[in-house]
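Trainee: Just passing along the structure, written as structure tokens.
The values are calculated or read from the model by the stated rules, or taken from the named source; none is laboratory data. Note that the structure is predicted; figures quoted are calculated from it, not measured. Backbone-built Cβ (ideal geometry, glycine too); neighbour counts: all protein chains shown.
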Amino acid sequence: MARRGEVVENPITGERITFLETTGDTGGELLRFEYVLPPRFSIPEHVHPRQEERHEVLSGTLRGRVGGRERDFGEGERVIGPAGVPHAWRNPSEDKELCIVSELRPALRMEAVLETLFGLARDGKTFGGLVPRNPLRLAVMASEVRDDFYSTGAPIPVQKALFALLEPLAFVGRRLGYGNRYPEYRGPA
């Protein structure tokens with residue numbers, strides 16, 4: 001579990017997170033963190049059935065697309081990605097970092113996902129800094145978050161079917177000790 005003030009970095013993507021309020025601080029109601037995104041970094045369109053995303057721009061420009069409407073948000077502006085509404089985020093700058101404060105309500109499992117993926121990336125155990133190389137670890141992590149968010153790039157029933165196909169692999173992975181949270185991936189090395 002993350003602690004307030006801890007910093008995790010993804011050396012492959014260039015993302016950096018400083019935890020401001022953790023799931024432990026808020027009883028799982030909120031995950032709040034400062035999020036630095038490198039130039040041209042984007043988070044593809046996705047939807048959270050049960051979770052709201054809020055972002056406040058501290059510096060730079062956040063290009064957001066919420067419910068099919070796209071616009072840029074500057075310093076001091078806020079944007080919400082409501083639960084159930086497709087949204088995507090991007091740093092459109094060619095040379096400047098974007099710094100935002102992000103809030104996820106409820107926190108669900110995102111704190112563990114972020115810590116684990118950033119730690120795996122740091123250890124060279126991901127493809128592109130985002131996808132675990134080990135298929136058992138990938139299956140377990142996908143199983144843990146299967147109802148938390150979906151890509152809009154494929155129909156949700158297709159994604160649910162894929163998650164169902166991964167369940168036997170996730171079962172094996174869990175039996176072999178793979179999980180969604182690892183003590184060695186808390187904070188910096």
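Trainee: Give me a count of the residues in the range 21-40 that are within 14 Å of L114 (Cβ to Cβ), basic (K, R) and out of contact with any Phe, Trp or Tyr (no Cβ under 9 Å at 6 or more places or on another chain).
Mentor: Adding up the residues that qualify gives 0.
Trainee: Any chance you could count how many residues in the range 155-169 are at pLDDT below 95, touching a helix residue (DSSP H, G or I) at 6+ places or on another chain (Cβ under 9 Å) and farther than 19 Å from R50 by Cα?
Mentor: 2
Trainee: Within the range 65-122, work out how many residues are closer than 18 Å to E45 by Cα and in a loop (DSSP other than H, G, I, E, B).
Mentor: Total meeting the criteria: 9.
Trainee: Moving on to the next point. Restricting to the range 140-184, give me the number of residues that are touching a Leu at 6+ places or on another chain (Cβ under 7 Å), under 30 Å from G5 (Cα atoms) and assigned to a helix (DSSP H, G or I).
Mentor: Taking the range 140-184 and keeping what is touching a Leu at 6+ places or on another chain (Cβ under 7 Å), we get 142-143, 148, 169, 172-173, 176, 178.
Subset that is under 30 Å from G5 (Cα atoms): 142-143, 148, 178.
Subset that is assigned to a helix (DSSP H, G or I): 142-143.
Adding up the residues that qualify gives 2.
Trainee: Can you tell me how many residues in the range 128-182 are buried (at least 17 other Cβ atoms within 10 Å of the Cβ) and β-branched (V, I, T)?
Mentor: 1
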